[in-house]
There are 2 protein chains.
Amino acid sequence: MTKIKETSTNFENKKLLEDECLEVYASGIIGGQWTLAICCYLINGKLRFGELKKCMPTITERMLTLQLRKLEKNKIITRTVYAEVPPRVEYELTAIGYQLGTIIGELEDWGRKHKELMKP
Amino acid sequence: MTKIKETSTNFENKKLLEDECLEVYASGIIGGQWTLAICCYLINGKLRFGELKKCMPTITERMLTLQLRKLEKNKIITRTVYAEVPPRVEYELTAIGYQLGTIIGELEDWGRKHKELMKP
DNA sequence: TATGATACTATCAAAAAGGTAAGTAATGAC
DNA sequence: GTCATTACTTACCTTTTTGATAGTATCATA
């Protein structure tokens, strides 16, 4: 998750697919390794950087930052900085972010069924 | 998409997240670059390898094979080989595969809204 | 005998994603 | 003056995913 090379075949392919396939487009936005997890925690209300980190003890600060930036850029969350020391920054889902709730619920149900199916 | 290193931190992190978060688990299964697209085409009925390829002209045969194998391993699709020459292989969604229909629909709706929102 | 169709495999290289570790800025508490 | 706190940033490295290209098997047809 650094800069992407806008000349790669990979980049072209992604763009083409997302252009003609809204579900691929959507999954590209919420599809990062930690993205959905972050949204899950935020769906219960805003959280600070450090609180999110505590929710996901294995994420590195770098990754958390990158994911949050990406989510912010995609208008899934808002970022509010309070001019205090030490700094306080709060993250909250936007309207369209909260609308992921349904999808998250569906994924959860489907995931449960699927996991059950794969058990034996 | 070849063999994974089961000792990497990355692998550990994924496993942990998927263990405690069913939506992350689910998104891991349908989250590949071409996975959802394949499912979308299959949702209208079974297709042959070559037909899928025609649906997605930019996918390489290697990638298509890899994705189909992964989907098969995860019991999202079935693979039927007919003993003919030249060979004929058909892919079809399983029951749990077809149940992705709801999620795909939701993703589509959300994607449309989101795309609209990002326009200006 | 050569060609074509189909559904793959096998290598190798490139790109993207993720991890490690160290450093920064501001300020209040000690 | 040193330390702790918080939310990062930076540089570098490893792992994972994806792409490019060429090759395989089988038989029917030309």
Quiz item: Considering A:Lys115, A:Lys119, A:Lys73, which residue is more than 12 Å from DNA strand D (Cβ to nearest atom), more than 18 Å from B:Leu107 (Cβ to Cβ), modelled with pLDDT under 95 and of a type outside the set (Asp, Glu)?
Solution: A:Lys119
Quiz item: Which members of the stretch B:38-52 meet the condition of being within 25 Å of B:Gly105 (Cβ to Cβ) and not aliphatic (A, V, I, L, M)?
Solution: B:Cys39, B:Cys40, B:Tyr41, B:Asn44, B:Gly45, B:Lys46, B:Glu51
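A quick yes/no check of all residues on (1) hydrophobic (A, V, I, L, M, F, W, C); (2) away from DNA strand C (no atom under 11 Å from the Cβ); (3) away from every other protein chain (no Cβ under 13 Å):
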{"residue": "A:Tyr41", "(1), (2), (3)": "no, yes, no"}
{"residue": "A:Leu52", "(1), (2), (3)": "yes, yes, yes"}
{"residue": "A:Met56", "(1), (2), (3)": "yes, no, no"}
{"residue": "A:Glu61", "(1), (2), (3)": "no, no, yes"}
{"residue": "A:Thr65", "(1), (2), (3)": "no, no, yes"}
{"residue": "A:Asn74", "(1), (2), (3)": "no, yes, no"}
{"residue": "A:Arg79", "(1), (2), (3)": "no, yes, yes"}
{"residue": "A:Tyr91", "(1), (2), (3)": "no, yes, yes"}
{"residue": "A:Gln99", "(1), (2), (3)": "no, yes, no"}
Self-check item: Residues located in the stretch B:1-37, provided they are among the aliphatic types (A, V, I, L, M), more than 10 Å from chain A (Cβ to nearest Cβ) and either in contact (Cβ under 8 Å) with a residue 40 or more places away in the chain or within 11 Å of DNA strand C (Cβ to nearest atom) (or both)
Solution: B:Met1
Quiz item: Here are some conditions: (1) loosely packed, with under 12 Cβ neighbours inside 10 Å; (2) within 14 Å of DNA strand D (Cβ to nearest atom); (3) more than 26 Å from B:Leu16 (Cα to Cα). A:Lys54 meets all but one. Which one does it not meet?
Solution: (3)
Quiz item: Looking at this structure, is A:Val24 in contact with a Cys (Cβ under 9 Å, 6 or more places away or on another chain) and within 12 Å of DNA strand D (Cβ to nearest atom)?
Solution: yes
Self-check item: The lone exception for A:Gly105 - which of (1) closer than 30 Å to B:Gly101 by Cα; (2) touching a residue at least 40 places away in the same chain (Cβ under 8 Å) it fails
Solution: (2)
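The values are calculated or read from the model by the stated rules, or taken from the named source; none is laboratory data. Keep in mind the model is a prediction, meaning the values are calculated, not measured. Cβ: placed from backbone, ideal geometry, glycine included. Neighbour counts: every protein chain shown.
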